[in-house]
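Structure first, then comments.
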Amino acid sequence: MSLHVAHPYMANSVPALKQEMLDSIGVDSIEQLFQQIPAEHRLKRPINLPPALNETQLRRHLLSILSKNKTTEQYLNFLGAGSWQHHVPAACDEVVRRNEWLTSVFGEPSSDHGRNQAWFEFCSQLGELLNMDLVGLPVRSWGCAAGHAIRMATRINGRNEVAIVRAIDPERLSVIRNYCEPVEMPSHITVRLIDYDPATGLIDLEHLRATVGANTAAVYFETPSYLGVIEHQGAEIAAIAHAAGAEVIVGVDPISLGVLAAPIDFGADIVVGTTQPLGVHMNCGGGVSGFIASRDEERYAHQYPTLFISIAPTTKPGEYGFGLSLFEQSSYGLRDKGNDWTGHSVYMWAIANAVYMAMMGPQGFEDVGGVILQRAHYAAKLLGQIPGVRVTFPSGFFKEFVVNFDTTGHSVADINKRLLDLGIFGGKDLTRDFPELGASALYCVTEVHTQADLERLAAALKEVIAQ
Amino acid sequence: MSTTLREYHAPVWSEPVIMEMGYPGRRGVIFSEVEEDVKTAVGSVEALVPVTMRRGRKPALPEMSEPEVLYHYLRLSQQTLGMMGISLFGTCTMKYNAQINEAMAWRAEITEVHPYQDEDTLQGALEIVHGMDTILRELSGMDQFIFQAGGGADAAYTSCAVTRAYHASRGELEQRNEIITTIQTHPSSAATAAAAGFKVITLMIEENGYPSLESLKAAVSSRTAALMVNNPDDMGVYNPEIREWVRLVHEAGGLCFYDHANFNGAMTKIRARELGFDACMFMLHKTFGAPKSGVGGPAVGAYGCSAELAPFLPAPVVAFDGERYSLDHDRPQSCGKIREFWGNVPVILKAYAWSRAMGAEGMAEASDISVLANNYMEKGLLAIRGVTRSHPDATSPRLEMTRYSLQQMKEETGVDVHDVQNRMSDFGIDPMWSSHHPWLVEEPFTPEPGEMYGKEALDTWIAVLAQISAEAYSNPQIVKTSPHNQAIHRLKSANMDDPQHWAMTWRAFQRKRQNT
């Protein structure tokens, strides 16, 4: 029997301290304190896990596992499709890792003032990008945000259908369908998919007109779309939806908003999206995050499932603090009678987003949008010149575009395997989810890519296809 | 009380809202100029954007240099108490957030990895996920865990989605439209059940602190889809009849979901599957050592279930054939996705690292210490004037937390629990947790000492409450006007639900400012 060694994470793991506390309570053993749990409920054997590791061993163990991952620092990456490689300023990481708010629980507006202010600054800056006055605290992903927004719309107008653009991330659509509930449920929301024009990737307005009606709670579309296209018929789409009494929900990638119009300017009522591009690493998909925003009207405010943080005066004249607003309508306040549900989300990413937006400023967003547009179009041009390769929607996109390989005789999976050998992560394979697009991949180009990177991709693709 | 209280004052930076800061033309990030060849080939930025979609007025963001932004946020971080003081926040199963875990999770092998990379290049990430799955299976007896849910409430929602898919596969979903929960189960179970389309039946607790078997029998029927319950609850009360509950619900054809948010009191002592449960949930943030971060997150609700329910889990599931890890997407009976991709991988890594640093013996000891510490504190706290314990008839020792009441103090002095929360922070103590809504116990508070803090910290916490009680009975104004040593004074929250006053953004505040 080895001597008991106190665990570094547990100050009271010194036997003498435990004895002191037992003596103070007046019981003989810790076991007596578990008397509420009936003996027949107790596990009859010890839990069987590998032996505990000290920090030296743990570090070595984790490094040996992590070394099996390949990174986008080692490989040239063109994957996007819901998790995008953008530049993350080092200051974002430094701020997010601060133990003060990393370890915070909730506190009071006075004791956790700084964190609450940072959250308010997230909402305030995102509100400027969106030109919207009401922004909720973050939700777990873009799909979760869209799902909640659709449910908000059904609560607003009492209808039970939603028209959703067909050119949507299948993962996001699957998340949304869950929020719309299966057909057996009385509160089921019917999802009606709206076709896109095979020539342009834009929404088929005729199909939209034919679909939207008296039961339509909301029309949901995105710009840029999943296939990368800047949907520029927003005003027409909003007019069709509003004429039918439906809400207009628009999904947006906020890093585009230095160069692209804010959705409220073409008629959006509720705007949702991701904030991962704003200072959050891809994290293997663990960087996803979402937001919900709208005009500051009670009609919308009272339907949010999120928590809100509001600026408010303190008891000292002239001083301001930040606290929860409209808490009572949340699931914390009303349980099953609250709006959907809330809980843990991605609140630290909101702080990274706040740092990012402040560092970018108005000019940073305009510049990054321009760099992305020009580099992405250059990449599309280079790839389109490769024999057998076609860019499906060659103009009017932002950072992602569809590349078709039908006439090369190679599958996307094949091409991507060979690109991998050349140190490149090729675009997301669309073959299974969008069979109508043939052997296609979604390529993503951002400000991290240089002209040389794009030329390297083009040369590699040329080589791979010629094989 | 022999403990002397330290003098404390929070940093006061009087930091402006960032929207008021900056100077035109300052930059925090710059991007390299686009290459001439590129420009020549594609033309101007403007020409690449359809006319109707061009941004008009630039966003009114602050214009600041990098250090100005950095130090603004570092000052704000300093004005956040978190675990810098003593934080005994009930119902959260708070843990130390080990720095080695942070250091590992911020390496490029995690941060700079795309979830759609070829599986050959993701073997490390998949091994971590599978490793955590294996650990949680052993702790719960379940057969498969997934990590897609972005928090505990999201895991409860996952359970509702799996419940729907399971009953739908048997053609019984329309009939089984009710979910039973208890008033002491976390609000997220009731809320997600309702949002998933179920009718919610909430059982109330009795004198002994948990609902009666009779109330469950009256609620269970052929309409029962599932039971969603925690045990122990967030008062440290364990329902000893839980096995019989599970049997009754199963007999009626329903499923049983165990919310393990309050795991410390049961960790290594019982296993959900052996009590008969079909599914359970663990919070990898908080319970397994990853940070909570406020309301908070990024977080993970790890959801585990029996082999019978596994086909209905959200896809993909991480599989291991003995040599290679892969993502199994081919799950035709899956309930669909809960969230994009396969989970907050950095959080899973931190939880895996915590589990490996603790080992089974460390986890058992953590459970022991947290229950010991709670009962140790109870003795000190009940000696304080104005403090009582909930459910005085339930005399067995509580597990890892205890629900107390300050109702007596309020009646005798006018000082309520919110006043006390504010005053605590004047001593560098993180304001204690009260209770979820509705408040069944008047003026409730619920400290949870856990296993991280030492006896000295617990003594300090008790001494602070004793000091505040003494103030309440001698000079209540000190407490009622607190805090006095904080970053700011007490928020005037009376108007925060008023549309004329609430301002969730700086834009809204500028518009409404004259109203205040």
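Does A:N178 qualify as being touching a helix residue (DSSP H, G or I) at 6+ places or on another chain (Cβ under 9 Å), of a type in the set (S, T, N, Q), on the phi > 0 side of the Ramachandran plot and not assigned by the TED database to the domain that holds A:V445?
Spelling it out, it is not the case that A:N178 is touching a helix residue (DSSP H, G or I) at 6+ places or on another chain (Cβ under 9 Å), of a type in the set (S, T, N, Q), on the phi > 0 side of the Ramachandran plot and not assigned by the TED database to the domain that holds A:V445.
Would you check if there is a residue in the stretch A:138-156 being over 20 Å from the mean Cα position of the chain (by Cα) and within 7 Å of chain B (Cβ to nearest Cβ)? Within the stretch A:138-156, none of the residues are over 20 Å from the mean Cα position of the chain (by Cα) and within 7 Å of chain B (Cβ to nearest Cβ). Tell me yes or no: at least one residue of the stretch A:58-80 is assigned to a helix (DSSP H, G or I), closer than 30 Å to A:Y443 by Cα and at pLDDT 95 or above. Taking every residue of the stretch A:58-80 in turn, at least one turns out to be assigned to a helix (DSSP H, G or I), closer than 30 Å to A:Y443 by Cα and at pLDDT 95 or above. How many residues does the stretch A:62-92 hold that are closer than 24 Å to B:Q99 by Cα and more than 7 Å from chain B (Cβ to nearest Cβ)? So the count comes out to 5.
Select, from B:S469, B:S434, B:S493, the only residue that is in contact with a helix residue (DSSP H, G or I) (Cβ under 9 Å, 6 or more places away or on another chain), in a loop (DSSP other than H, G, I, E, B) and among the hydroxyl-bearing types (S, T, Y). The match here is B:S434.
Yes/no per residue for (1) under 27 Å from B:G450 (Cα atoms); (2) modelled with pLDDT under 95:
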| residue | (1), (2) |
| --- | --- |
| B:G296 | yes, yes |
| B:Y325 | no, no |
| B:H329 | no, no |
| B:E340 | no, no |
| B:A360 | yes, no |
| B:A366 | yes, no |
| B:E378 | yes, no |
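In the stretch A:10-23, what residues are under 13 Å from B:E361 (Cα atoms) and either part of a loop (DSSP other than H, G, I, E, B) or at pLDDT below 95 (or both)?
A:M10 - this is the single residue of the stretch A:10-23 that is under 13 Å from B:E361 (Cα atoms) and either part of a loop (DSSP other than H, G, I, E, B) or at pLDDT below 95 (or both).
Looking at B:A105, is it more than 7 Å from chain A (Cβ to nearest Cβ), at pLDDT 95 or above and farther than 30 Å from B:Y23 by Cβ? Spelling it out, B:A105 is indeed more than 7 Å from chain A (Cβ to nearest Cβ), at pLDDT 95 or above and farther than 30 Å from B:Y23 by Cβ.
Within the stretch A:157-172, restricting attention to residues that are on the phi < 0 side of the Ramachandran plot and part of a loop (DSSP other than H, G, I, E, B), the residue that is nearest to the other protein chains (Cβ to nearest Cβ) is A:D169.
Applying the selection to the stretch A:38-49, what residues are more than 7 Å from every other protein chain (Cβ to nearest Cβ) and in a loop (DSSP other than H, G, I, E, B)?
Within the stretch A:38-49, A:K44, A:R45 meet the criteria.
Per-residue answers, yes or no, for (1) of a type in the set (S, T, N, Q); (2) in contact with a strand residue (DSSP E or B) (Cβ under 8 Å, 6 or more places away or on another chain); (3) within 27 Å of A:P435 (Cβ to Cβ):
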{"site": "A:H207", "(1), (2), (3)": "no, yes, yes"}
{"site": "A:T216", "(1), (2), (3)": "yes, yes, no"}
{"site": "A:L260", "(1), (2), (3)": "no, yes, no"}
{"site": "A:P263", "(1), (2), (3)": "no, yes, no"}
{"site": "A:D269", "(1), (2), (3)": "no, yes, no"}
{"site": "A:T275", "(1), (2), (3)": "yes, yes, no"}
{"site": "A:V288", "(1), (2), (3)": "no, no, yes"}
{"site": "A:R295", "(1), (2), (3)": "no, yes, no"}
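Could you please let me know if A:Y378 is surrounded by 19 or more Cβ atoms within 10 Å (Cβ to Cβ) and under 28 Å from A:I270 (Cα atoms)? When the stated conditions are applied, A:Y378 does not pass them. Listed by position, the helices (runs of 4 or more DSSP H) inside the stretch B:108-225 whose residues that are at the interface with another protein chain (Cβ under 8 Å from one of its Cβ atoms) number at least 1 are B:108-111, B:123-140, B:152-169, B:187-195. Counting the residues of the stretch B:382-411 that are without any contact (Cβ under 8 Å) to a residue 60 or more places away in the chain, crowded, with 24+ Cβ neighbours inside 10 Å and in a helix (DSSP H, G or I) gives 0. Only one of these is within 30 Å of the chain's Cα centre (by Cα) and facing chain A (nearest Cβ under 8 Å): B:T93, B:T80. Name it. The unique qualifying residue is B:T80. Checking each residue in the stretch A:315-341 for being in contact (Cβ under 8 Å) with a residue 60 or more places away in the chain and either among the basic types (K, R) or within 7 Å of another protein chain (Cβ to nearest Cβ) (or both) picks out A:G321, A:G323, A:D340. Just wondering, is there one or more residues in the stretch B:79-95 that are part of a loop (DSSP other than H, G, I, E, B), free of Cβ contacts under 8 Å to residues at least 40 places away in the same chain and not β-branched (V, I, T)? There is no residue in the stretch B:79-95 that is part of a loop (DSSP other than H, G, I, E, B), free of Cβ contacts under 8 Å to residues at least 40 places away in the same chain and not β-branched (V, I, T).
The values are calculated or read from the model by the stated rules, or taken from the named source; none is laboratory data. Note that the structure is predicted; figures quoted are calculated from it, not measured. No Cβ is skipped: glycine too gets one built from the backbone with ideal geometry, and neighbour counts run over all protein chains shown.
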